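I have placed the structure first, in the form of structure tokens, so that the comments after it can refer back to it.
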Ligand code: MTE
Ligand code: MO
């Protein structure tokens, strides 16, 4: 069993698939902590977790003038300044279950918790590429990553990002060896992973073994034939993956973590407290979250918690990599026996979420970011 050396996991995780291991935390845990504890951080593995000996570990870097370059873990930790970035990772398939309710899609049936926020520590990818000889003006456009996790044919997980993002001083792309102040856990890429803030989870390659600077995107299945968006009218008989770009930055997203669907609120309390998360890709800041208690007829503005309350410095413009937690306390509408709570976020480019999911349905169930709706009852 290639999965026999997978690490132990927290029993509270909701398991979507055991082999490979895919799981999300109970959603109310997400809004309890600005920084998601690593044990509860969602886990998305396509393959068995590779067990890597940190002393034998080497990172190979190809495609640059001084290359190929080979670095040990110790060299990555000592040759380059350590940089920390608080960044949210979201799987392209987060909230896929909403799309499944419209029409069946292909993929893991994620709820609203295939998203989490951590503080990552490591070397800047930019510094490592400059060390390997990167100079502006090269004809390369992409940085490809390969994991040490392999399928039964020996093919590794792979993905790529734009070179411009990788070398930008403001891109904050890390080769991370720490998550929340500790060594990366096995599930999250020990001993080294890429963290590409603002970019879909799939490009944040774990158990990083190789970097290739290239004129071409990664040729991996996951870059070429997966993680792309299509029209609701495209089905598996007609889809041509070459016609759509690989997902990089994700669209604006939000969801309600508290209360949960179907709970009964006590009318005697007089108020309702609604909590959730909001986030947008590309470093766009969440500037507002609107919450409705009546299915979207009337709206209230939620109070935003950007992370500064936890002592973090405010994010520089266009570098809002971390999510925003939010809360609304509002009087219960008099006489209401049922509430349809809805949330929607606005980002710094004034991008908004679509009100319903059917018009953005796609066969792979990615980019599911319609208004989130939760129905609750109010006791007599
Ligand atoms: N990297 C490798 N090597 N193998 C993988 O299966 N999964 C990707 C990405 N990096 C994956 C990977 C996907 S699809 C996502 S959403 C994120 O890792 C999940 O990161 P996490 O498990 O740390 O939450
Ligand atoms: Mo993902």
> What do you reckon, is residue 53 more than 16 Å from ligand 1 (Cβ to nearest atom), at pLDDT 95 or above and part of a loop (DSSP other than H, G, I, E, B)?
Replying inline: yes
> Applying the selection to region 221-245, what residues are touching a strand residue (DSSP E or B) at 6+ places or on another chain (Cβ under 8 Å) and within 10 Å of ligand 1 (Cβ to nearest atom)?
Replying inline: 222, 227
> Taking region 17-29, which residues are touching a helix residue (DSSP H, G or I) at 6+ places or on another chain (Cβ under 6 Å) and surrounded by fewer than 21 Cβ atoms within 10 Å (Cβ to Cβ)?
Replying inline: 29
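This table checks each residue for (1) touching a strand residue (DSSP E or B) at 6+ places or on another chain (Cβ under 8 Å); (2) assigned to a strand (DSSP E or B).
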site	(1), (2)
144	yes, yes
152	no, no
157	yes, yes
191	yes, no
216	yes, no
>> Suppose the filter is surrounded by 13 or more Cβ atoms within 10 Å (Cβ to Cβ), at pLDDT below 95 and more than 16 Å from ligand 2 (Cβ to nearest atom); does residue 67 pass it?
In response: yes
>> Of everything in region 177-189, what is part of a loop (DSSP other than H, G, I, E, B) and either crowded, with 21+ Cβ neighbours inside 10 Å or within 12 Å of ligand 2 (Cβ to nearest atom) (or both)? Give them in sequence order.
In response: 184, 189
>> Let me spell it out: the conditions are (1) more than 30 Å from residue 264 (Cα to Cα); (2) surrounded by 21 or more Cβ atoms within 10 Å (Cβ to Cβ), and residue 315 meets all of them except one. Which number is the exception?
In response: (2)
> Does residue 277 meet the test of being under 30 Å from residue 169 (Cβ atoms) and touching a helix residue (DSSP H, G or I) at 6+ places or on another chain (Cβ under 9 Å)?
Replying inline: yes
> Do you know which of the residues in region 30-47 that are over 18 Å from residue 182 (Cβ atoms) and surrounded by fewer than 19 Cβ atoms within 10 Å (Cβ to Cβ) is farthest from ligand 2 (Cβ to nearest atom)?
Replying inline: 32
> Are any residues in region 39-50 more than 8 Å from ligand 1 (Cβ to nearest atom), within 29 Å of residue 257 (Cα to Cα) and either touching a helix residue (DSSP H, G or I) at 6+ places or on another chain (Cβ under 7 Å) or modelled with pLDDT under 95 (or both), and if so, which ones?
Replying inline: 40
>> Quick check on this structure: which one of 129, 108, 89 is within 16 Å of ligand 2 (Cβ to nearest atom), touching a residue at least 24 places away in the same chain (Cβ under 8 Å), in contact with a helix residue (DSSP H, G or I) (Cβ under 9 Å, 6 or more places away or on another chain) and not in a strand (DSSP E or B)?
In response: 108
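The values are calculated or read from the model by the stated rules, or taken from the named source; none is laboratory data. Quick caveat: nothing in here was measured; it's all calculated off a predicted structure. Cβ: placed from backbone, ideal geometry, glycine included. Neighbour counts: every protein chain shown.
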